[in-house]
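Quick note: the coordinates plus some simple rules give every number you see, no bench work behind them. No experiment lies behind these values; they were computed from the predicted model shown. As a convention, Cβ positions derive from the backbone with ideal geometry for all residues, glycine included, and neighbour counts pool all protein chains shown.
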Ligand code: FES
């Protein structure tokens with residue numbers, strides 16, 4: 001049912017934890033299943049994501065997608081990180097069962113929420129970034 005990569009990132013998730021003095025922190029949840037994800041970004045003066053950590057209270061697919069999403073954004077510019085969608089994350093994991101696709105939306109939205117927090121704190125505008133939702137449940141279907 002799950003690919004080897006999903007199982008690997010679920011059993012051995014990368015970048016778990018928090019960052020003290022993070023440049024941006026994003027938290028999103030899905031009210032339907034009750035799962036919550038928080039992402040911490042450390043962004044340098046050149047707008048490169050130096051470090052990233054996450055904490056996910058959620059299902060295996062949510063943990064695996066969070067882990068893969070953090071691997072994908074690490075070392076990237078803000079604009080590159082913005083282009084990482086839930087589809088990118090799923091492809092990097094060799095797919096997810098269709099009933100679990102919604103879980104991958106948490107990672108995409110949590111990255112956007114952390115970037116939004118960074119932009120707000122620094123009083124800058126990130127082109128193409130829209131105000132994220134706290135609850136992604138409405139976005140499904
Ligand atoms: Fe809620 Fe997977 S069941 S994120």
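Can you pull out the helices (runs of 4 or more DSSP H) entirely within the stretch 26-138 that have at least 1 residues that are away from the ligand (no atom under 16 Å from the Cβ) and loosely packed, with under 14 Cβ neighbours inside 10 Å?
Details: elements: 60-73, 78-82, 86-92, 101-122.
Those helices (runs of 4 or more DSSP H) span 78-82, 86-92, 101-122.
So, in the stretch 2-25, exactly how many residues are surrounded by fewer than 18 Cβ atoms within 10 Å (Cβ to Cβ) and at positive phi?
Counting residues in the stretch 2-25 that are surrounded by fewer than 18 Cβ atoms within 10 Å (Cβ to Cβ) and at positive phi gives 2.
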